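Worksheet: one structure, shown below.
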Amino acid sequence: SARCCEDTAASMQQVQRCIERCHAPLAQAQTIVTAELERFQDRLSRCTLHCNDEAKDALEAGGAEARVRGQLDACLAACGDQHLRLVPAMAKKMMDNLAALQQ
């Protein structure tokens, strides 16, 4: 991008197009990473919402608060563990998609 600005004979539009071309791969990479992280976060959120729903249902059914809290904690920990196991595959997918940009 800095080299784009060094061309003193270039018009503003030419410099702007040059900078946009330089930034395009970075923008594509950012889109890939952001989309994958959003999908991961959405999945984790759905899991935690499921745990919260189960806890609420248990409390409404007359479950003891301490027992329900223990079940909620266990469910949330399981969500975390489950999603931690997904990280290597998610990272590989991101790396494969990023590598495809370079080709």
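The values are calculated or read from the model by the stated rules, or taken from the named source; none is laboratory data. Keep in mind that what you see is a predicted model, and the values were worked out from it rather than measured. Ideal geometry is used to build each Cβ from the backbone, glycine not excepted, and the neighbour counts take in all protein chains shown. Areas reflect the complete protein model, heavy atoms only, side chains present, ligands, DNA and RNA absent. Shrake-Rupley method; radii C 1.70, N 1.55, O 1.52, S 1.80 Å.
Annotations for the structure displayed:
- Single unsatisfied condition, residue 16 versus (1) surrounded by 14 or more Cβ atoms within 10 Å (Cβ to Cβ); (2) assigned to a helix (DSSP H, G or I); (3) over 14 Å from the mean Cα position of the chain (by Cα): (1)
Residue by residue, here is whether (1) modelled with pLDDT of 95 or more; (2) under 15 Å from the mean Cα position of the chain (by Cα) holds:
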site: 57; (1), (2): yes, no
site: 63; (1), (2): no, no
site: 70; (1), (2): yes, no
site: 76; (1), (2): yes, no
site: 79; (1), (2): yes, no
site: 82; (1), (2): yes, no
site: 87; (1), (2): yes, yes
site: 101; (1), (2): no, no
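- Residue within the stretch 49-67 that is acidic (Asp, Glu), part of a helix (DSSP H, G or I) and surrounded by 14 or more Cβ atoms within 10 Å (Cβ to Cβ) present: yes
- Residues in the stretch 75-100 that are open to solvent by 80 Å² or more (accessible area, probe 1.4 Å), of a type in the set (A, V, I, L, M, F, W, C) and more than 12 Å from residue 29 (Cα to Cα): 84 only.
- As a summary of the residue check, residue 29 satisfies the conditions (1) in contact (Cβ under 8 Å) with a residue 40 or more places away in the chain; (2) of a type in the set (Gly, Ala, Ser); (3) not in a helix (DSSP H, G or I) except for the one numbered (3).
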